Amino acid sequence: MPPPILQKQAIGTGFILYGIALLLTQMPAPVFAQSSGAEAGETANRDTAAQTVEWRGPTMRARGRIYGSFESIEPPGRAQGDPRLNDTYLRRADVTLRGSLLENLGYYFKSEFMDGELDIRDAYIDYDAGYVTILAGFLDPIDEVMIPAYREFMEGASMESFAPGNQLGFGLFSEGDYWTVYAAAFKNTIAGWRVEEAGATYSTRFTIAPPVPEGYLLHIGAYASLRTADDEEELFRYSARSLLRTGERFVDTGAVADKEMLLGMELAGNIGSASFESQCAVIRATVPSSEFHSYLNGCYISGIWTLTGESRNYGGDGFSLLDVDRPVFEGGPGAWQTGLRYDTIDLSDGAI
């Protein structure tokens, strides 16, 4: 790991680069041809590429976000007069490009700056075949009910780290009025900007949002994945840190497993301006030196109340961008929320 001074220099450079990028994204989006379709990724299918209803040529849309934090920590046993541990840092910054190349062929690219490094977060194309959408590239094996860009709690729950990271592969996505189905297969990955060897992953997810009275929402989902480590790849590691990024990992198995099966359930809903969401998952991990499996589990439940009255937006298979009724730049109060989350994780079982 680079010394702290180099990390701060890298973070400073990242702020400058992404500041420029964000200024560019505030300019009118370069659109080579107008389309009458919905702007994908906001209130429709969230992070799918831009879709068109009437094709008039290629399109491109850009956006960016910056997440920062200030933390002040009281060390145990701090003597009177000793300084507190204060830190200001860039948590994450990203720039996204999306659009369409042909009538039914879209693209999506996201770069992310985090922990002093610039990485590719997503990079894929998708083809809308009518009854199914085919995706190819650097994809998420399991789409989340709450993607980071639209998360009310800036820090993800501990068990959300169970889901495998992005890999190179193919996916199939289909949806109806009240349901979605996603299945994918992967091999190898991208680290930084290089393709690297990685094990195989097979995953699937389905969701259902049954009809409910106006002002209400119910979302039910389930997902599963099978993952094996490559011969040359480091074994799988499971860990969680405190909600402070500067905090230590309070549970950490080290690199222990060469195979895993993940099963998860998700439940979410709205009642007017109040909403809830919950996920629980279990991993059956195989340790090479043991003939028994280890079962690791995690769960969280959270509630959000939007004080200014808005309901959380829902698109396709999860929550998306909140529509603010009275934005600050139009003389309103903006959107204000309060929330509470309970989060638990257990990484001790069998050989682990």
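I'd like the full set of residues that are of a type outside the set (A, V, I, L, M, F, W, C), part of a strand (DSSP E or B) and closer than 30 Å to GLY130 by Cα, limited to segment 65-105. If you could, list the steps in order and put the result at the bottom.
Taking segment 65-105 and keeping what is of a type outside the set (A, V, I, L, M, F, W, C), we get 65, 67-69, 71-72, 74-78, 80-84, 86-89, 91-92, 94, 96, 98-100, 103-104.
Add one more test, that the residue is part of a strand (DSSP E or B), and what stays is 65, 67-69, 71-72, 86-89, 91-92, 94, 96, 98-100.
The answer is THR96, ARG98, GLY99, SER100.
In the list GLU291, GLU260, which residue meets the criterion of being of a type outside the set (Ser, Thr, Tyr), farther than 30 Å from GLY64 by Cα and part of a loop (DSSP other than H, G, I, E, B)?
Details: GLU260 fails: part of a loop (DSSP other than H, G, I, E, B).
Step by step, each of GLU291, GLU260 is checked, and only GLU291 is of a type outside the set (Ser, Thr, Tyr), farther than 30 Å from GLY64 by Cα and part of a loop (DSSP other than H, G, I, E, B).
Would you be able to tell me the number of residues in segment 132-177 that are among the hydroxyl-bearing types (Ser, Thr, Tyr) and modelled with pLDDT of 90 or more? Outline the logic, then answer.
So the first thing to find is which residues in segment 132-177 are among the hydroxyl-bearing types (Ser, Thr, Tyr), and the list is 133, 150, 158, 161, 174.
Filter once more, keeping what is modelled with pLDDT of 90 or more: 133, 174.
Of the residues in segment 132-177, 2 are among the hydroxyl-bearing types (Ser, Thr, Tyr) and modelled with pLDDT of 90 or more.
Would you mind stating whether SER289 is open to solvent by 20 Å² or more (accessible area, probe 1.4 Å), within 30 Å of ASP252 (Cβ to Cβ) and at pLDDT below 90?
yes
When both residues are 6+ apart or on different chains and their Cβ atoms are under 9 Å apart, which pairs have a first residue that lies in segment 137-165 and is more than 23 Å from LEU322 (Cβ to Cβ), and a second that is modelled with pLDDT under 75 and hydroxyl-bearing (Ser, Thr, Tyr)?
none
Right, SER320: under 23 Å from the mean Cα position of the chain (by Cα), modelled with pLDDT under 90, open to solvent by less than 60 Å² (accessible area, probe 1.4 Å) and polar (S, T, N, Q) or not? So that I can check it myself, show each step before the final result.
Details: under 23 Å from the mean Cα position of the chain (by Cα): yes; modelled with pLDDT under 90: yes; open to solvent by less than 60 Å² (accessible area, probe 1.4 Å): yes; polar (S, T, N, Q): yes.
Answer is yes for this residue.
Might you check whether a residue that is in contact (Cβ under 8 Å) with a residue 24 or more places away in the chain and under 30 Å from ALA229 (Cα atoms) occurs anywhere in segment 315-333?
Checking segment 315-333: at least one residue is in contact (Cβ under 8 Å) with a residue 24 or more places away in the chain and under 30 Å from ALA229 (Cα atoms).
Could you tell me which numbered condition GLN279 fails, if it satisfies all but one of (1) at pLDDT 95 or above; (2) open to solvent by less than 20 Å² (accessible area, probe 1.4 Å)?
(1)
Looking at segment 313-352 only, could you name the residues that are among the aliphatic types (A, V, I, L, M), part of a loop (DSSP other than H, G, I, E, B) and under 30 Å from VAL256 (Cβ atoms)?
Kept after step one, since they are among the aliphatic types (A, V, I, L, M), are these residues of segment 313-352: 321-322, 324, 328, 335, 340, 345, 347, 351-352.
Next cut, part of a loop (DSSP other than H, G, I, E, B) only: 321-322, 324, 335, 347, 351-352.
If the condition is that a residue be among the aliphatic types (A, V, I, L, M), part of a loop (DSSP other than H, G, I, E, B) and under 30 Å from VAL256 (Cβ atoms), then LEU347, ALA351, ILE352 are the ones that fit.
Any idea which of LEU102, LEU97, LEU90 is open to solvent by 40 Å² or more (accessible area, probe 1.4 Å) and either under 18 Å from ARG151 (Cβ atoms) or in contact with a strand residue (DSSP E or B) (Cβ under 8 Å, 6 or more places away or on another chain) (or both)? First the steps, then the outcome.
Working: LEU102 fails: either under 18 Å from ARG151 (Cβ atoms) or in contact with a strand residue (DSSP E or B) (Cβ under 8 Å, 6 or more places away or on another chain) (or both); LEU90 fails: open to solvent by 40 Å² or more (accessible area, probe 1.4 Å).
Matching residue, one of LEU102, LEU97, LEU90: LEU97.
The values are calculated or read from the model by the stated rules, or taken from the named source; none is laboratory data. Because the structure is predicted, anything quoted here is derived from the model rather than measured. As a convention, Cβ positions derive from the backbone with ideal geometry for all residues, glycine included, and neighbour counts pool all protein chains shown. Protein only, heavy atoms only, side chains kept; ligands, DNA and RNA dropped before computing areas. Shrake-Rupley method; radii C 1.70, N 1.55, O 1.52, S 1.80 Å.
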